[in-house]
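Participant: This structure is in C-alpha cells; I'll ask about it shortly.
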Amino acid sequence: MKWYKENTFLVMSKDMKYKDSLETVGGLLEQAGLSYSKIRFYMQPEWPFSDPAEAEAHAGRLVRSFPWLKAYEVVRAGEPGESEKVRLFTNLSEFGGPEGQPGSEEMVLFMQKLTNALCPRELAVGLNVHCAAQAGATADSGSTTESACFSREAPGYPGNYFENMVVITRNAGASFFRVVLRLEVDRQGNLSIPFTRMEELFQEQMGTLTDSRYVEALAVEELEEAQLCGQRADRELERLNQELKALTLPHQFSRNLSPTKKGCSVKQAFNRAFKGTGFEFLDSRNFCFKAQMKSGHGYVYRISIDYGGHIWHRHTFILEVSGINFDRQLLRVDGLSPQSQEECRMNLENLRAQTMFLQERAEPVLLEHYGETPSWYQVYHKYV
C-alpha cells in the first residue's frame, strides 16, 4: 500500500503550447534533479462510435506521418454502441499493447508535429519519475513492471499506474490540455525534498492548479480484499438510501413544471438551512454552489448544488464523501424548481435533514470498511 498526492493543472495555450509540453516537463524534472525512465502512452484516433471509414482514414494518416506507431497498433472488438472494431495505438499491456516504448526524442517530435487534422481524439502520455541515480539503475535492469492499482479513474490510461508519474492528456479540438503530477507521500502526507521542489516548479509554470487530492495505491495481493470491502460498503450505503425514503421531511420539495424563478439565492438559503452543521462555503461560480466539511474520522463531505444558469432552470443537489481510499456519492436530488426564496429555503431545509441523516449513519459504515483517513487528508478543487 502506498499513498500519492495528485495535482492536476489546466494548461491553456497562452501558458504553454501543447507541442512543447513534453519537452517542458522534461526540463522541469531536470531542474528538480529528477529524470524519467519509461514512457507509457495511449491514443485513440477516433471515438469508439465514429464512422469506421473515418476512423480507418485517421489511423492511416497517423501511421504514414509517424511510421513507428505501426508497432503499437491494437485493434479491439467494439462494445455495444461502438463501431465493430476500435483502433488504438498504445504500449499498455492491458489493451494488448506490445512491450517496449518509443524513444523520448521520437515522442517529443511526435507531439511537436501533431496538427489538428492528425491529433487523436484521445491522447495520454505518461512518464515515470525517478531520482537521477534511481533512473539509471532502473534502465540498466530492464525492468518494465507495471504497478497494479485499485483506481477510481477510467482503466487503461498511463495515469492509472500508481507510480511517481507525470501524465499529459488532451482531447482533439480542445484549446487546453491537462497535466497530472502524481508523487508518493509518507504517512504524514509529506513529499520528499526532490518531489517538493518538483511540485513547486510545476505550480509556477503549469497554468492553473484545478485539483489536488490524495489517493491510495494497492499491491496486487491487496486488490481482491479492497474490492470486496468496497462492495460491502456499497451495499450498506444502498441500504441507508432505502431507509432515507422513510424519513419525514419538514416540507414538500418544490418540483414545478415552471422553471426556477430568477432571484432565488441558493447561497442565502444554504447558509440559513445548514448553519451549525460544519459545512463551509467554497465557491459558486459557473452556476454551481459548492460547500464541504470534514468529519472527525478525516472524511471530507462535499455538497454541490447546480442551479443551471440561463439554460436549465432547475436545481440539482449532490452529496459526496471521500477519504484516502474511497470516493462515494451518497445522495442526488434532481429537478428542484423553487418559485420563491421561501421555497428555496424549504428545499434546503429538506436537503439538510437528508444530509444529516446520511452523514450520521454513513460515518460508522465508512469507518468499519475503510478505516480512519489521516487528519492531513484534503480535497482541493478550483472552479474555472
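The values are calculated or read from the model by the stated rules, or taken from the named source; none is laboratory data. A quick note: this is a predicted structure, and the numbers were derived from the prediction, not measured. Positions of Cβ are backbone-derived with ideal geometry, glycine not excepted, and every protein chain shown enters the neighbour counts.
To keep it simple, each residue is scored yes or no on (1) small (G, A, S); (2) under 24 Å from G189 (Cβ atoms).
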{"site": "V215", "(1), (2)": "no, yes"}
{"site": "L228", "(1), (2)": "no, no"}
{"site": "A233", "(1), (2)": "yes, yes"}
{"site": "R255", "(1), (2)": "no, no"}
{"site": "Q268", "(1), (2)": "no, no"}
{"site": "N271", "(1), (2)": "no, no"}
{"site": "R285", "(1), (2)": "no, no"}
{"site": "S295", "(1), (2)": "yes, yes"}
{"site": "Y301", "(1), (2)": "no, yes"}
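Participant: Considering only residues that are part of a loop (DSSP other than H, G, I, E, B) and touching a helix residue (DSSP H, G or I) at 6+ places or on another chain (Cβ under 6 Å), which ones fall in the range 325-346?
Facilitator: Those that are part of a loop (DSSP other than H, G, I, E, B) and touching a helix residue (DSSP H, G or I) at 6+ places or on another chain (Cβ under 6 Å): N325, P338.
Participant: Being aromatic (F, W, Y) and touching a Gly at 6+ places or on another chain (Cβ under 9 Å) is the filter here; which residues of the range 61-92 pass it?
Facilitator: W68, Y72, F89
Participant: Still on this structure, please answer the following. Do we find a residue being farther than 20 Å from G335 by Cβ, of a type in the set (F, W, Y) and surrounded by 12 or more Cβ atoms within 10 Å (Cβ to Cβ) anywhere in the range 256-273?
Facilitator: Within the range 256-273, none of the residues are farther than 20 Å from G335 by Cβ, of a type in the set (F, W, Y) and surrounded by 12 or more Cβ atoms within 10 Å (Cβ to Cβ).
Participant: May I ask you to list pairs of residues, at least six apart or on different chains, whose Cβ atoms are under 6 Å apart, with the first in the range 172-183 being farther than 26 Å from M198 by Cβ and crowded, with 20+ Cβ neighbours inside 10 Å and the second being of a type in the set (S, T, N, Q) and modelled with pLDDT of 90 or more?
Facilitator: From residues that are farther than 26 Å from M198 by Cβ and crowded, with 20+ Cβ neighbours inside 10 Å, there are no pairs.
Here is a yes/no grid of residues against (1) under 25 Å from the mean Cα position of the chain (by Cα); (2) at pLDDT 85 or above; (3) not acidic (D, E); (4) not in a strand (DSSP E or B):
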| position | (1), (2), (3), (4) |
| --- | --- |
| P98 | no, yes, yes, yes |
| M107 | yes, yes, yes, yes |
| F110 | no, yes, yes, yes |
| L118 | no, no, yes, yes |
| V125 | yes, yes, yes, no |
| V129 | yes, yes, yes, no |
| A133 | no, no, yes, yes |
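Participant: Just wondering, is there one or more residues in the range 10-18 that are surrounded by fewer than 16 Cβ atoms within 10 Å (Cβ to Cβ), polar (S, T, N, Q) and more than 25 Å from the chain's Cα centre (by Cα)?
Facilitator: Taking every residue of the range 10-18 in turn, none turns out to be surrounded by fewer than 16 Cβ atoms within 10 Å (Cβ to Cβ), polar (S, T, N, Q) and more than 25 Å from the chain's Cα centre (by Cα).
Participant: Give the number of residues within the range 314-323 that are buried (at least 20 other Cβ atoms within 10 Å of the Cβ) and modelled with pLDDT of 90 or more.
Facilitator: Our first condition is that a residue be buried (at least 20 other Cβ atoms within 10 Å of the Cβ); within the range 314-323, this holds for 315, 317, 319, 321-323.
Filter again for modelled with pLDDT of 90 or more, leaving 317, 319, 321-323.
Residues meeting the conditions: 5.
Participant: Of all residues being of a type in the set (K, R) and outside any helix (DSSP H, G or I) in the range 20-79, which is surrounded by the most Cβ atoms within 10 Å (Cβ to Cβ)? Just the residue, please.
Facilitator: Looking at residues that are of a type in the set (K, R) and outside any helix (DSSP H, G or I), I get R40.
Participant: If I filter the range 317-324 for residues that are part of a helix (DSSP H, G or I) and not charged (D, E, K, R), do I get at least one hit?
Facilitator: Scanning the range 317-324 turns up no residue that is part of a helix (DSSP H, G or I) and not charged (D, E, K, R).
Participant: Could you count how many residues in the range 10-35 are farther than 15 Å from S175 by Cβ and of a type in the set (A, V, I, L, M, F, W, C)? Give the steps one after another, and end with the answer.
Facilitator: Residues of the range 10-35 that are farther than 15 Å from S175 by Cβ, as a first pass: 20, 22-35.
Subsequent filtering for residues that are of a type in the set (A, V, I, L, M, F, W, C) retains 22, 25, 28-29, 32, 34.
Residues flagged as farther than 15 Å from S175 by Cβ and of a type in the set (A, V, I, L, M, F, W, C) within the range 10-35 amount to 6.
Participant: Look at R314 and say whether it is in contact (Cβ under 8 Å) with a residue 60 or more places away in the chain and closer than 27 Å to R255 by Cβ.
Facilitator: Judged against the criteria, R314 is not a match.
Participant: For the range 282-296, name all the residues that are at pLDDT 90 or above and either assigned to a helix (DSSP H, G or I) or not charged (D, E, K, R) (or both).
Facilitator: A291, Q292, M293, S295, G296
Participant: Okay, next question. On the given criteria, is R328 modelled with pLDDT under 95 and either among the basic types (K, R) or over 30 Å from Q227 (Cβ atoms) (or both)?
Facilitator: Yes, satisfied.
Participant: Restricting attention to the range 192-209, and to residues there that are outside any helix (DSSP H, G or I) and crowded, with 17+ Cβ neighbours inside 10 Å, which single residue is modelled with the highest pLDDT?
Facilitator: Restricting attention to the range 192-209, the residues satisfying the condition of being outside any helix (DSSP H, G or I) are 192, 206-209.
Next cut, crowded, with 17+ Cβ neighbours inside 10 Å only: 206-207, 209.
Working: M206: 87, G207: 81, L209: 90.
Selected residue: L209.
Participant: Kindly indicate whether S37 is modelled with pLDDT under 85, among the polar types (S, T, N, Q) and in contact with a strand residue (DSSP E or B) (Cβ under 7 Å, 6 or more places away or on another chain).
Facilitator: Numbers: modelled with pLDDT under 85: yes; among the polar types (S, T, N, Q): yes; in contact with a strand residue (DSSP E or B) (Cβ under 7 Å, 6 or more places away or on another chain): yes.
For S37, the condition - modelled with pLDDT under 85, among the polar types (S, T, N, Q) and in contact with a strand residue (DSSP E or B) (Cβ under 7 Å, 6 or more places away or on another chain) - is met.
Participant: While we're here: Would you confirm whether or not the range 370-384 contains a residue that is touching a residue at least 24 places away in the same chain (Cβ under 8 Å), surrounded by 14 or more Cβ atoms within 10 Å (Cβ to Cβ) and farther than 23 Å from K5 by Cβ?
Facilitator: For the range 370-384, residues touching a residue at least 24 places away in the same chain (Cβ under 8 Å), surrounded by 14 or more Cβ atoms within 10 Å (Cβ to Cβ) and farther than 23 Å from K5 by Cβ: absent.
Participant: Consider E163 carefully, then state whether it is modelled with pLDDT under 85 and crowded, with 16+ Cβ neighbours inside 10 Å.
Facilitator: yes
Participant: Specify which of the listed residues (S192, S212, S265, S254) is under 29 Å from L358 (Cα atoms) and assigned by TED's automatic domain parsing to the domain that holds N7.
Facilitator: On the way: S192 fails: under 29 Å from L358 (Cα atoms); S265 fails: assigned by TED's automatic domain parsing to the domain that holds N7; S254 fails: assigned by TED's automatic domain parsing to the domain that holds N7.
That would be S212, the only listed residue that is under 29 Å from L358 (Cα atoms) and assigned by TED's automatic domain parsing to the domain that holds N7.
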